[in-house]
Structure formats: C-alpha cells, structure tokens
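Since every read-out is calculated from the coordinates, none of them should be taken as a lab result. If you're wondering where the values come from, they're calculated on a predicted model, not measured in any experiment. No Cβ is skipped: glycine too gets one built from the backbone with ideal geometry, and neighbour counts run over all protein chains shown.
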C-alpha cells in the first residue's frame, strides 16, 4: 500500500473531495481538483490500486436505522496467544452488531463498539453473543449518551 508521503497535493485534493462526496462524477471531481478527466481517472485508479481508496459506501444514520444505542466495550481474554486472538477476532467478525473492534495495549485486550436498538436488545446481544465469544473472561460496557464528534474523513 502506498504511504501518504508518496502522494502529491493533487492526490490529497482528490481524496479530500471524495471523502466529502464520494458520489461525484469523474467530470465534477476533475473540475474541483483542476485536472483533466483522464488525469483524474488515472489518479483515482492509482489510489485504488495502492489501497488508499479501499472502497465506496453510503453512510447510514444509525439512529434513523433504528439503532439508538452505541455501546463501548473493553474485553479481556483468558489468553493473549495468537491462536486465542485469532479465534476471538474470527468469531467477532461474524456478529453484525459489532461495528468496530480494536486489539489494544493496556489492561483490556480489545475495545469494541456495538450498536443495539435499545437496552433490552443490548442485554440479549451481551448474553447471547458477546459473552460467548472465544476466550472472553471479562467485559466492561459503557453506553454512549450522545455523539459529540464523528468524522469519516481523514485530515489530508
């Protein structure tokens, strides 16, 4: 994957514009970054091939979709062996309510964000899926009251 240090200002401009509106046509994008359409398309394909652009998606409003709760969990496993970590991560990747999961340094092994429709749904998820993930010995949860900062664009 290409590093940000290999990008020039035109690449950064393309990424900034696409992060703000990924639905722009190549014509509109080229105009915004002051390139020809063919140069714009070449650069986009290069950024995709380098892995800097991983894909394109729609951002769905969590609450409007019926998921009122974001819950942050710290999870401790009974072992930090590669086999234990891999088993946990594979099982966690199959739980659709897990939106993000990070292997961490510090006291807990993982930090996770899950979504739920309400507290009852979270309780069912906790008992039915989260505590049954391989190797889990402790889960600590905190319910987010509201989001104060949420970015999807990197500061390029």
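Just from its helices, what would the mean residue ellipticity at 222 nm be for the chain, if runs of 4 or more DSSP H residues each count -39500 (n - 2.57) and the sum is divided by every residue, rounded to the nearest 500 deg cm²/dmol?
One gets -10500 deg cm²/dmol as the mean residue ellipticity at 222 nm.
For the chain, find the longest principal axis of its Cα atoms and tell me its angle to the long axis of helix 9-20, 0 to 90°, nearest 10.
Its long axis makes an angle of about 50 degrees.
On a 0 to 90 degree scale, rounded to 10, what angle separates helix 119-128 from the longest Cα axis of the chain?
Its long axis makes an angle of about 70 degrees.
Counting alpha carbon pairs within less than 8 Å and at least 6 residues apart, what relative contact order, in whole percent, applies to segment 7-49?
36 percent
What number results when the radius of gyration of segment 7-49, computed over Cα atoms, is divided by 2.2 N^0.38 Å?
For segment 7-49, the normalised Cα radius of gyration is 0.97.
Highest mean first, how do 76-84, 29-37, 107-115, 145-153 rank when packing is the count of other Cβ atoms within 10 Å averaged over residues?
107-115, 29-37, 76-84, 145-153
Relative contact order for the chain using alpha-carbon pairs under 8 Å, separation at least 6, rounded to a whole percent?
About 26 percent, as a whole number.
By what distance, in whole Å, do the Cα atoms of segment 69-143 stretch along each of the three principal axes, largest value first?
So the three principal-axis extents are 34, 22, 18 Å.
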